[in-house]
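The block underneath contains the structure these notes are about, expressed in structure tokens.
Derivation of every value follows stated rules applied to the coordinates shown; laboratory data play no part. Small disclaimer: the values here were computed from a predicted structure and weren't measured.
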Amino acid sequence: MENMENIEMIAEELSAEQMTEVAGGAFRMLPEKEGFIVYQVQHRDALSRIARAYNTTVYRIMKANPRIKDANRIYTGQYIYIPVA
């Protein structure tokens, strides 16, 4: 519980541009990047489903998100970049 309070205190001090994934399963907003939208993974999402919904490919999403090492391991609440046309 104390860790979550610390994370919340830190989050209040950071701007949206500074927010990234942090340890312990907490996720923060990614900075905006031209040519991409920032998407928050929802319960039961899969990269293939997200790729279809945004008219892109799993490969392009993974290339935009080098932190994702396995296409089958994304997490609810995680923020990822989705390439747009």
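Residue by residue, what Karplus-based ³J(HN,Hα) values in Hz, rounded to whole numbers, does segment 34-51 have, using 6.51, -1.76 and 1.60 with θ = phi - 60° and x for Gly and Pro?
Calculated HN-Hα couplings, in order: 4, x, 9, 10, 9, 10, 9, 4, 9, 3, 6, 5, 9, 4, 5, 5, 5, 4 Hz.
Karplus couplings for segment 68-77 from phi (6.51 cos²θ - 1.76 cosθ + 1.60, θ = phi - 60°), rounded to Hz, Gly and Pro as x?
Values per residue, Gly and Pro as x: 7, 9, 9, 4, 8, 10, 10, 10, 3, x Hz.
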